[in-house]
Amino acid sequence: MREWVGNAPFVYLTLGRRQVWVVSAVDDYRLAASWGGKEDVVWEVGAATGVTTALLAQAAKEVVAVEKAPEKRAKLRLLAAERENVQVIEGDALTESLPIPPGSRADWLFVDLGGDAPPWRTIAAAGRWAEALQCERIVVRCTKLHEALGSVQAGLDASCSVSPNGTHRASTSVLIQSVMTATGPEVAERLVAELAGGSYRERKRLVAAIRRLGSVALRPLAALVADTQALLAARRTAADAISEIVAELGGVTAALQGEGKGSIPLQWAVMRALGQHARRLGGLSADRLPDGKLLLEMLMAEDDLTRFIARRHLRKQSTEAARALAYAICRAGASVGELVAGLDALGAFRGASAEEIAVGCTEAAGPDQELAIRRRIACAVLGVADQRWAAELLRALEGVAEPGVAQHLEALRAAAQRGARADELARRVSETVAAGVTREDVTDAIAASPHPWMRAVAAVVGEPGE
């Protein structure tokens, strides 16, 4: 091999029991093809059209070429037809389920995912194949990794020695630290970008790599959490990763200062990590996260991650949170839409019974607002998604609302559910309004319902004669 002179063609390192050579240029990668012995079995992952494969076949006993692209496999099969020691396998270098026949092994493993492939992806793939093939000698072509190692040459020189092949050899700890220092921000950006569109398994694997990057990953993670156009699952995963990194660091670093200011999802991620040791962040606090008023606002938010966090809090702290929410929806000025959102959430996570909510509504309302709030809550039940829960609420409200109000609302709800005719629906609406519920509240509650049969009532609400 060549000596290390300026930009060395090969970088040699040991990772556990494995020896790894990192190369950038295609010519140097092909030069390494001559290293195998006459009795060696060589696997080549990412064989492309077979130029390196042919060189490997000249030196080794057996060569197994793995390639995903059909047009490239066709050229590889032509080569295999000429050389008995070449076998072609269809396979994706990045797949979790490796196409390796039982009992296979390799003396050498060559991996080339393309010179501009991300370093973390190339290394991860090489590690999976080497482990499966019990291979201890690996040649990897990855330009970005090679460049990163070259950029920290001065730092490596102090702790490098010359390998038996004449190339520099760095201790694993120094190598990893140097590479992460040089490529950390770039790798973090790429990892998080992959996180935004990956499957569940891919996200789980990516988070493990992101956590190892530490604080340099916080900024791109915060940006993903704040991206309301991104997939909810990806944003949740990013928030989880932030929590894990902040917990390991023991505090919020400068990387998060000013990022997502006022963002409930980001505050939530940090609060989960620091718990009682955290100071108050925006509307969230360590001792109570969040209060009933903020919980209702979160349930009404346009951001789906904020709504998810509110529902999660109800699920985790159901009894206390449900009572706080029940109290919050009784405050003066709550819209019918807010009431529907609160009642829907209370129905999904039963931290309080319908009877407790009905009583709580009465106790929470002020003396001068009690009647109006009870009527509005009863009316809001028309917009509730869970119809069994709606019926329970109306029965419970009969005991605290004015006589007849809850009964008329239940009759209107039942008529709409069974698809009653327009004249009957118009009569039910008229009776409900006459009982003391405003027509505007009825309209707003119907508009909030997810059920087409309830929204059909809207067509008769404003008809003359009602």
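The values are calculated or read from the model by the stated rules, or taken from the named source; none is laboratory data. Since this is a predicted model, take the numbers as computed values, not measurements. Positions of Cβ are backbone-derived with ideal geometry, glycine not excepted, and every protein chain shown enters the neighbour counts.
Residue under question is ARG455, and the condition is that it be modelled with pLDDT of 85 or more and not hydroxyl-bearing (Ser, Thr, Tyr); does it hold?
Details: modelled with pLDDT of 85 or more: no; not hydroxyl-bearing (Ser, Thr, Tyr): yes.
No.
Across region 364-410, which residue is modelled with the lowest pLDDT among those that are in a helix (DSSP H, G or I) and more than 44 Å from the chain's Cα centre (by Cα)? Walk me through it before giving the result.
Here is the first cut: in region 364-410, the residues in a helix (DSSP H, G or I) are 364, 370-383, 387-397, 405-410.
Checking the rest, the ones that are also more than 44 Å from the chain's Cα centre (by Cα) come to 371, 405, 407-408.
Numbers: LEU371: 72, VAL405: 80, GLN407: 84, HIS408: 86.
Applying the filter and picking the extreme gives LEU371.
Mind checking which strands (runs of 3 or more DSSP E) fall wholly inside region 1-72 and carry at least 1 residues that are at pLDDT below 90 and touching a Lys or Arg at 6+ places or on another chain (Cβ under 9 Å)?
Qualifying strands (runs of 3 or more DSSP E): 10-15, 18-23.
Conditions (1) modelled with pLDDT of 75 or more; (2) within 24 Å of ILE446 (Cα to Cα), marked per residue:
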position	(1), (2)
LEU299	yes, yes
ALA324	no, no
CYS330	no, yes
LEU346	yes, yes
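Name every residue in region 59-75 that is more than 21 Å from VAL23 (Cα to Cα) and over 39 Å from the mean Cα position of the chain (by Cα), in order of residue number.
Answer for region 59-75, where residues must be more than 21 Å from VAL23 (Cα to Cα) and over 39 Å from the mean Cα position of the chain (by Cα): LYS61, GLU62, LYS75.
In region 83-121, how many are among the hydroxyl-bearing types (Ser, Thr, Tyr) and at pLDDT below 85?
We begin by selecting, within region 83-121, every residue among the hydroxyl-bearing types (Ser, Thr, Tyr); these are 95, 97, 104.
Still in the running and at pLDDT below 85: 95, 97.
Of the residues in that region, 2 qualify.
Is it the case that ALA209 is of a type in the set (A, V, I, L, M, F, W, C) and at pLDDT 75 or above? I'd like the intermediate steps shown before the answer.
Details: of a type in the set (A, V, I, L, M, F, W, C): yes; at pLDDT 75 or above: no.
Against the criterion (of a type in the set (A, V, I, L, M, F, W, C) and at pLDDT 75 or above), ALA209 does not qualify.
Touching a residue at least 40 places away in the same chain (Cβ under 8 Å), surrounded by fewer than 20 Cβ atoms within 10 Å (Cβ to Cβ), outside the structural domain of VAL192 (by TED's automatic domain parsing) and part of a loop (DSSP other than H, G, I, E, B), is that true of GLY103? I'd like the intermediate steps shown before the answer.
Numbers: touching a residue at least 40 places away in the same chain (Cβ under 8 Å): no; surrounded by fewer than 20 Cβ atoms within 10 Å (Cβ to Cβ): yes; outside the structural domain of VAL192 (by TED's automatic domain parsing): yes; part of a loop (DSSP other than H, G, I, E, B): yes.
No, not satisfied.
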